[in-house]
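Worksheet for the structure shown next.
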Amino acid sequence: MARATRLAILASLALAFLFSPSAAEACSCFGGTPICDTFWQMSAVFSGEVLEVTGTQSRPEPPSPGIYGSKRARFRVERTFRGSPETEIEIFTGAGGGDCGYPFVKGEKYLVFANLWGGRMTTSICSRTQRLANAAADLAYVSQSFPPAAGGRIYGTVQAQSEIAGPLTPAPGYRVSLKSAAKTWTVTSDQSGGYEFTAVPAGKYAIDIAVPDTLRAFGSREIELVDARGCKYNDFILSPNERITIRGAVVRADSRAVAGASIFLDSAEPHSMGTRVASVKADQEGRFAIPAVAGSRYRVSAVGGSLRGSVDTFELTPATAPILIVLRREK
């Protein structure tokens, strides 16, 4: 099953789950990325055993996208695949539930993917971090010797739907372009909707797809290949040129709904200067809906009394899952 199809299915499941009685405990992870992309973006990748798990009240500065200060797991490092070799390392994560904290267990072994944030190594359940016993496929990749490479791979699929949130089908014959300051590459999606650029140097690129005025193309328009030995994956979803409703919920850090919170939707497109697109109020159960929004990149934030919270930049597509905003008291 293609990744875009999986995202569409996950979106419908997430919608049902978010608005169920246990919704406040949900953690929404926006899809996954292939190991050849994730590995090269991490500050540290290692395998090791958890020596202890403790709570901590402190938080990194600047605050991270999640609550990476509720738990600290101390590891004995067995093998280092990326980052500086260590014998022991502390990894910070959230408490679990709505903040996406990883449930490390003392005595268990894990393959950990961590990033440096606010001077701390952090991870979450949205990363590729997993029990070592379940990590055979990722271990096979990270354990290789990576010789120097002239260029990496940028690839993905093009799929189309005849109506918003409808089924996705392969979309062959669409021209996808990749552009750097010095060069432009062009390929056409194949019969399965796939496209691929090879031997691409590391760097930042603009990527686009040519579609008629009757369609809107959803997908990232700016991507970065971090290392020439790695890859970057980017899907395009083609939909009728219609508007989309953003749905979600606002909760406190303890998972209680925040009734009447103010939600703000701002553009995150380059050169938009953060233009305010819409604002709405949450209902008595903390739910909200922002109707008739054009597909683009946005930031969403919320205010409930002295509580504040936000969700980082996301690409709005027909497959975008409901958004959970966690509010905390500002220090």
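Residues are listed down the side, and each one gets a yes or a no for (1) more than 28 Å from P322 (Cβ to Cβ); (2) within 21 Å of the chain's Cα centre (by Cα):
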{"position": "W117", "(1), (2)": "no, yes"}
{"position": "T123", "(1), (2)": "no, yes"}
{"position": "T129", "(1), (2)": "no, yes"}
{"position": "L132", "(1), (2)": "yes, no"}
{"position": "D138", "(1), (2)": "yes, yes"}
{"position": "S143", "(1), (2)": "yes, no"}
{"position": "G152", "(1), (2)": "yes, no"}
{"position": "T157", "(1), (2)": "no, yes"}
{"position": "R175", "(1), (2)": "yes, no"}
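Evaluate the following for D213: is it in contact (Cβ under 8 Å) with a residue 24 or more places away in the chain and either within 30 Å of Q284 (Cα to Cα) or under 20 Å from the mean Cα position of the chain (by Cα) (or both)? Spelling it out, it is not the case that D213 is in contact (Cβ under 8 Å) with a residue 24 or more places away in the chain and either within 30 Å of Q284 (Cα to Cα) or under 20 Å from the mean Cα position of the chain (by Cα) (or both). Scanning the stretch 291-309 for residues that are surrounded by 13 or more Cβ atoms within 10 Å (Cβ to Cβ), at pLDDT below 90 and either of a type outside the set (S, T, N, Q) or outside any loop (DSSP other than H, G, I, E, B) (or both) yields V293, A294, G295, R297, Y298, R299.
Taking the numbered list (1) part of a loop (DSSP other than H, G, I, E, B); (2) over 22 Å from R216 (Cβ atoms) in turn, E196 passes all entries but (1). Scan the stretch 84-112 residue by residue and report those that are at pLDDT below 95 and at positive phi. Those that are at pLDDT below 95 and at positive phi: G96, G97, C100. A single entry from I207, I246 fulfils the requirement of being modelled with pLDDT of 90 or more and either buried (at least 18 other Cβ atoms within 10 Å of the Cβ) or in a loop (DSSP other than H, G, I, E, B) (or both): I207.
Among the acidic types (D, E), outside the structural domain of F314 (by TED's automatic domain parsing) and free of Cβ contacts under 8 Å to residues at least 60 places away in the same chain: does that describe D227? Talk me through it step by step, then tell me what you get.
Values: among the acidic types (D, E): yes; outside the structural domain of F314 (by TED's automatic domain parsing): yes; free of Cβ contacts under 8 Å to residues at least 60 places away in the same chain: no.
No.
Beta carbons closer than 8 Å, at least 6 apart along the sequence or on distinct chains, pair a first residue in the stretch 302-331 that is within 28 Å of A160 (Cβ to Cβ) with a second that is hydroxyl-bearing (S, T, Y) and modelled with pLDDT under 80 for F314/T320; E315/S296; L316/S296; A321/S28; P322/S28; I323/S28.
Within the stretch 168-190, track down each residue that is in a loop (DSSP other than H, G, I, E, B) and touching a residue at least 24 places away in the same chain (Cβ under 8 Å). Write out each step before concluding.
Let us first name the residues in the stretch 168-190 that are in a loop (DSSP other than H, G, I, E, B), namely 168, 171-174, 180-183, 189-190.
Passing the criteria: L168, A171, Y174, S180, S189.
Tallying residues that are within 17 Å of K204 (Cα to Cα) and assigned to a loop (DSSP other than H, G, I, E, B) within the stretch 150-167 yields 2.
The values are calculated or read from the model by the stated rules, or taken from the named source; none is laboratory data. Bear in mind the structure is a predicted one, so any value in this text is a computation, not a measurement. In this analysis, Cβ positions are derived from the backbone assuming ideal geometry, glycine residues included, and neighbour counts consider all displayed protein chains.
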